[in-house]
Amino acid sequence: MPDQDLDFNIEQLGFCNYASPMRGVRFTADDERLLYHSRAEEMRPFVQSGQEPPSMELAGPRQQIYFDRHKLACGVVSCGGLCPGINNVIRAVVMSLYHHYGVRRILGFRYGFKGLVKRNGYPPVPLTPEAVNNISELGGTILASSRGPEDAAEMVDYLEELGIGILFAIGGDGTLKGAGALAAEVKRRGLALSVIAIPKTIDNDISFVNKTFGFETAVAEAQRAIDAAHAEAAGALNGMGLVKLMGRDSGFIAAHATLVSGQVNFCLVPEVDIDPQIFLQQLQARLERRGHAVIVVAEGAGQDLMQLSGQQDSSGNAKLGDIGTWLRDAIKGYFAELGADVTLKYIDPSYIIRSQAANASDSAFCLLLGHNAVHAGMSGRTNMVMGSWNNQFTHVPIELATRQRKKLDTAGWFWSSVLASTGQQGEIAES
């Protein structure tokens, strides 16, 4: 993506005329920014030409805020599939609004964007510190969720009727796009309503965001499945363990879990095409050499190998073929033709992984995401995504974050490390 296209400017509703009630904290100045590039060779052209390099606005509490906290009402909604940490983010948002800013009217919208349309009949629920006190111990979301878009005009009608000043939308790529449509409708009407998105996807595929919450928990849980697959494979003559992990367009979970485990021999991801014949031959060679093998495949890998329906799900994504069962059957068929005696165990832990409560690292990350989302909203920022970049929290315009899905760089050091760990040498396919 050309650097000249990177507009990190964040929309604001207006001037901040109120002093923040927060005390004893480090306030972030509006001109504090974080460089997008971190490598010297990337920065050199800007230095040589005297141009300002791309930079992101740093997150954090501001000394002056936009909203009158005594009159403010806020809303929280979670959309899309489940993911570890949603409840942690909800709790962090509520606690920050209540204790940092004294906001007393906080509403939780149920069943995703469906709850933002009045005629659907899902009235919002009050969110208080007491209501959210222990929810971080639970998987899922106390607000429930749904997939699919709703009419932006109807959603804004209901938000306006309820007097909502800030809406916090927790979700993935589809939710972010829906939040962007909401922000556009709000702007068209000239309303003082801030829309702050908090990226939720265990696939970790949001652009200009280093890490999304739930990802680390997903990788840790995936390791348990891989360990089980390895135990099954090593415990049988010519044993194989096949694990399908989540990753529709990006193989981050599969790749990271492969490195965490250290037991994986083949890691198959959407970013790299699979040549079935070469893969099966390499799998055969592995069994002849070591007597067992572990294969990890991301759900979006190898879609060109199957006959797809061409249909879309409620989120507008193409319905995937099941690469896990396809590989299972292909492997069994291949060795059956050879007359080889093999044992294959297939594990799909997807729904177990995504319904887990967040681990310690994700819990801390969720709390800071929620707090910084509140700070952004209170300062009148809107049409933005809370992000993290180079270990700092940042503000990213929704348009940039949703321009394209983040993918593994198959020419980069990380994927090279995965190949070195598995020993598959990259001959399975050409990237």
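Criterion first (surrounded by 21 or more Cβ atoms within 10 Å (Cβ to Cβ), within 13 Å of P349 (Cβ to Cβ), of a type in the set (G, A, S) and in contact with a helix residue (DSSP H, G or I) (Cβ under 8 Å, 6 or more places away or on another chain)) does A229 satisfy it?
Details: surrounded by 21 or more Cβ atoms within 10 Å (Cβ to Cβ): yes; within 13 Å of P349 (Cβ to Cβ): yes; of a type in the set (G, A, S): yes; in contact with a helix residue (DSSP H, G or I) (Cβ under 8 Å, 6 or more places away or on another chain): no.
No; evaluated as a whole, the condition is false for this residue.
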> Given V219, V209, which one is closer than 23 Å to G370 by Cα, surrounded by fewer than 21 Cβ atoms within 10 Å (Cβ to Cβ) and not acidic (D, E)?
Replying inline: V209
> Quick one: in the stretch 253-267, which of the residues that are crowded, with 23+ Cβ neighbours inside 10 Å and among the hydrophobic types (A, V, I, L, M, F, W, C) is nearest to R224 (Cα to Cα)?
Replying inline: A257
>> Could you check the stretch 75-103 and list, in sequence order, the residues that are within 23 Å of Y158 (Cβ to Cβ), of a type outside the set (A, V, I, L, M) and in contact with a Phe, Trp or Tyr (Cβ under 7 Å, 6 or more places away or on another chain)?
In response: G75, C79
> Would you say N391 is out of contact with any strand residue (DSSP E or B) (no Cβ under 8 Å at 6 or more places or on another chain) and assigned by TED's automatic domain parsing to the domain that holds G75?
Replying inline: yes
> Does I274 count as of a type in the set (A, V, I, L, M, F, W, C) and assigned to a loop (DSSP other than H, G, I, E, B)?
Replying inline: yes
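Which residue out of L287, L283, L259, L237 is outside any helix (DSSP H, G or I), in contact (Cβ under 8 Å) with a residue 24 or more places away in the chain, of a type in the set (A, V, I, L, M, F, W, C) and farther than 30 Å from G112 by Cβ?
Working: L287 fails: outside any helix (DSSP H, G or I); L283 fails: outside any helix (DSSP H, G or I); L259 fails: outside any helix (DSSP H, G or I).
Selected residue: L237, the only one of L287, L283, L259, L237 that is outside any helix (DSSP H, G or I), in contact (Cβ under 8 Å) with a residue 24 or more places away in the chain, of a type in the set (A, V, I, L, M, F, W, C) and farther than 30 Å from G112 by Cβ.
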> If you check L280, L245, which single one turns out to be surrounded by fewer than 22 Cβ atoms within 10 Å (Cβ to Cβ), in contact with a helix residue (DSSP H, G or I) (Cβ under 6 Å, 6 or more places away or on another chain) and modelled with pLDDT of 95 or more?
Replying inline: L280
> Mind checking whether some residue in the stretch 47-59 is among the aliphatic types (A, V, I, L, M), within 30 Å of R104 (Cα to Cα) and over 23 Å from the mean Cα position of the chain (by Cα)?
Replying inline: no
>> If I filter the stretch 355-370 for residues that are modelled with pLDDT under 95 and of a type in the set (D, E, K, R), do I get at least one hit?
In response: no
> Cβ-Cβ below 9 Å, separation at least six or inter-chain, first residue in the stretch 84-108 and free of Cβ contacts under 8 Å to residues at least 12 places away in the same chain, second outside any helix (DSSP H, G or I) and of a type outside the set (D, E, K, R): which pairs?
Replying inline: R104/H70; R104/L72; R104/A73; R104/T128
> So, of the residues in the stretch 29-65 that are touching a residue at least 60 places away in the same chain (Cβ under 8 Å), touching a helix residue (DSSP H, G or I) at 6+ places or on another chain (Cβ under 7 Å) and not in a strand (DSSP E or B), which turns out to be nearest to Y98 (Cα to Cα)?
Replying inline: P61
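The values are calculated or read from the model by the stated rules, or taken from the named source; none is laboratory data. From a predicted model like this one, the values you see are computed outputs, not experimental measurements. In this analysis, Cβ positions are derived from the backbone assuming ideal geometry, glycine residues included, and neighbour counts consider all displayed protein chains.
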